[in-house]
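These notes are about the structure you will find just below.
The values are calculated or read from the model by the stated rules, or taken from the named source; none is laboratory data. Quantities reported herein were computed from a predicted structural model and do not represent experimental measurements. Neighbour counts are summed over all protein chains in view; Cβ atoms, including those assigned to glycine, are modelled from backbone coordinates with ideal geometry.
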Amino acid sequence: MIGTYAAVVAICASSLAIGQAAIGLCGARRWSWPAPAVGLALLCAVCWGTVRLPGDGVLSAVAVLVLTIAALAYLRGRVEGAGEALAAGWPVALGALLATALPFIAEGHFGILGTSFNPDMSQHLLAADRLAEGNSSQLLVQGYPLGPHAIVVALNKGLGIGLVQGFTGLTIAVAVLASLTALAAFRDLPAIPRTAGALLVGLAYLVASYFAQGAFKETMQALYLLAFVLALRESQRDWATLNLRFVPAALIAAGSAYTYSFPGLIWLGGTFVIWCLATLVSAAGGDDREDSPGRESPRSETGPAARPLGLAFLSFFVLTAPELGRMLDFKKFETFDPNGPGLGNLFGQVSPFEALGIWPSGDFRLAPGDGAVPAIGYYLGIAFALVLLAYGLVWLWRRRESAILSGLAAAALAYVAARTVGTPYTAAKAIEIGAPLVALAIVLPLAVEASAVRLMSAVRAKGAPLYATLAGTAFVLAAGVCSLLALANAPVGPTSYSSTLSEYRRVVGEGPTLVLASPQLLEEEHGEPFLAWELRGGRVCIKSSDDPSVPPGVRFVVRDEGGWTLTRVRDPRPGKSPCPLIAVRQARQGPAK
């Protein structure tokens with residue numbers, strides 16, 4: 001627990017300081033809530049740029065420490081509204097920490113998130129282990145984006161935090177930073193709607209569900225899309241007079257490249273293109289829509305300027321140029337193979353209605369009626385949320401919220417493309433990445449109306465705040481319960497990791513192989529899918545060490561004796577082996593097999 005939360009504090013503190021300093025260097029003087037995502041993006045770029053230098057991660061830790069101290073020194077006396085930001089931020093951060101603690105409270109221990117949902121974390125741990133030792137790995141050779149892994153290695157080398165604790169801490173920190181980033185949209189509202197709105201956006205149901213399976217890359221990409229949209233929104237508001245007003249969005253895009261490679265830029269690039277077109281059309285033709293809530297900007301209707309855009313593109317290309325070759329290599333990764341594992345750990349196509357946030361199931365992969373709640377409960381929630389979304393879209397359109405609408409349009413197009421030419425696995429990720437924006441489109445209008453805050457020329461009809469309060473409260477409660485249900489359902493796996501099993505896979509080949517693991521690992525830590533994934537590609541039996549009998553045909557035995565050991569069976573018992581074939585696709589299915 002100490003190592004996990006030490007990682008959370010280190011990542012959050014560095015991200016907040018470095019991100020706000022970067023925005024300050026762009027000319028902003030007030031605290032800006034896109035800062036957490038900007039800082040995390042820079043951490044990915046800096047750590048990946050230094051992790052392969054001598055020291056195998058030591059220089060990464062030093063670089064982060066130096067940047068954090070320099071950022072704090074720069075910010076001293078230069079940030080306006082820091083006290084207000086602290087007052088608004090600490091309840092959100094605390095709420096996110098408490099919510100993300102549910103899996104560990106329910107399981108009674110810390111460890112690898114989601115092992116019986118998705119065993120892929122073993123490959124991330126292996127890649128980080130190889131980086132920390134200065135060795136290559138399959139993911140490294142394939143061009144897989146390893147910025148987050150480099151952050152974990154920096155934590156390992158700088159603070160002595162274990163790799164499992166580092167990845168778990170990173171996953172928790174992303175949830176906290178996403179909720180804080182959402183405050184950029186709710187900053188002018190009273191405390192209760194501000195805090196509730198930020199938490200619901202940062203921990204939308206599908207984001208919570210991907211958190212539950214330890215899918216840190218997808219939650220990071222969802223954070224980057226949300227922050228990119230809010231950074232574009234700020235470029236028309238507080239930053240409207242700055243020549244570097246688009247640079248924060250460019251830094252976020254660079255972090256997306258180091259986290260999700262070129263696919264991540266599909267969402268951000270699509271958002272930017274749609275937003276530019278919408279802004280240019282609005283500037284050229286004008287319209288009579290109501291002004292957006294917030295501070296009035298003298299440039300909000302002039303469209304993107306060439307010089308600020310050029311500086312932003314230059315910043316992006318300078319940061320991402322070293323990764324260009326690896327992004328080209330990544331296009332051959334198995335996820336993009338139409339003949340590859342299309343379902344992954346899913347049971348089938350994931351409903352796009354899950355992005356609405358009301359899905360009363362602890363497992364997002366289940367269809368309506370397959371869980372404890374009758375199907376009618378799902379459909380009523382969907383209908384209610386659809387009405388609120390339609391209201392929100394009209395509200396956003398009337399108030400010229402072009403950045404949020406552009407992000408929603410880009411997310412919708414990305415899902416359609418993934419559903420049409422991709423696989424159910426990629427389509428589900430597309431829904432998750434856009435889920436925070438859907439939550440924002442629903443909650444923000446209701447929160448503003450219910451708060452009865454008159455911002456700019458927004459005028460509400462008499463009685464509207466009452467309806468907004470009732471609808472908003474009902475949605476927050478329903479969607480919040482669904483998110484908490486997903487978090488509470490998260491399995492927590494082994495507390496430690498060793499790359500030994502992955503190395504044994506090359507020795508045992510197709511086996512058959514017997515794994516004798518401790519009852520605690522199998523029963524309490526959901527270790528069986530994790531072990532199967534580590535030894536995939538051959539026939540594997542996994543049993544408790546309380547029953548050491550060796551089945552017929554077994555050629556190798558792997559035992560947990562305070563560390564994994566491998567022995568060869570000299571005279572295998574005659575007969576056909578009962579050990580099942582653990583194929584790559586089968587291992588990815590987890591509980592679906």
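What helices (runs of 4 or more DSSP H) completely inside segment 458-571 contain at least 2 residues that are without any contact (Cβ under 8 Å) to a residue 12 or more places away in the chain and out of contact with any Ser or Thr (no Cβ under 6 Å at 6 or more places or on another chain)?
Fully inside segment 458-571 and qualifying: 464-488, 500-508.
The rows are residues; the columns are (1) modelled with pLDDT of 80 or more; (2) touching a strand residue (DSSP E or B) at 6+ places or on another chain (Cβ under 8 Å); (3) assigned to a helix (DSSP H, G or I).
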{"position": "PRO341", "(1), (2), (3)": "no, no, no"}
{"position": "TRP359", "(1), (2), (3)": "yes, no, no"}
{"position": "ASP363", "(1), (2), (3)": "yes, no, no"}
{"position": "ASP370", "(1), (2), (3)": "yes, no, no"}
{"position": "VAL373", "(1), (2), (3)": "yes, no, no"}
{"position": "LEU380", "(1), (2), (3)": "yes, no, yes"}
{"position": "ALA385", "(1), (2), (3)": "yes, no, yes"}
{"position": "ALA390", "(1), (2), (3)": "yes, no, yes"}
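In segment 403-431, what residues are touching a Leu at 6+ places or on another chain (Cβ under 7 Å) and within 30 Å of PRO190 (Cβ to Cβ)?
ALA403, ILE404, LEU405, GLY407, LEU408, ALA411
Taking the condition of being surrounded by fewer than 12 Cβ atoms within 10 Å (Cβ to Cβ) and farther than 19 Å from ALA178 by Cα, how many residues in segment 81-98 meet it?
The total comes to 1.
Do we find a residue being crowded, with 17+ Cβ neighbours inside 10 Å, over 24 Å from TYR467 (Cα atoms) and charged (D, E, K, R) anywhere in segment 406-423?
yes
Take the conditions in contact with a strand residue (DSSP E or B) (Cβ under 9 Å, 6 or more places away or on another chain), in the same structural domain as TRP31 (by TED's automatic domain parsing), at pLDDT below 95 and buried (at least 24 other Cβ atoms within 10 Å of the Cβ) and apply them to PHE211. Does it pass?
It is true that PHE211 is in contact with a strand residue (DSSP E or B) (Cβ under 9 Å, 6 or more places away or on another chain), in the same structural domain as TRP31 (by TED's automatic domain parsing), at pLDDT below 95 and buried (at least 24 other Cβ atoms within 10 Å of the Cβ).
Residues are listed down the side, and each one gets a yes or a no for (1) polar (S, T, N, Q); (2) under 27 Å from ALA128 (Cα atoms); (3) modelled with pLDDT of 80 or more:
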site	(1), (2), (3)
GLY463	no, no, no
ALA468	no, no, no
LEU484	no, no, yes
ALA490	no, yes, yes
TYR497	no, yes, no
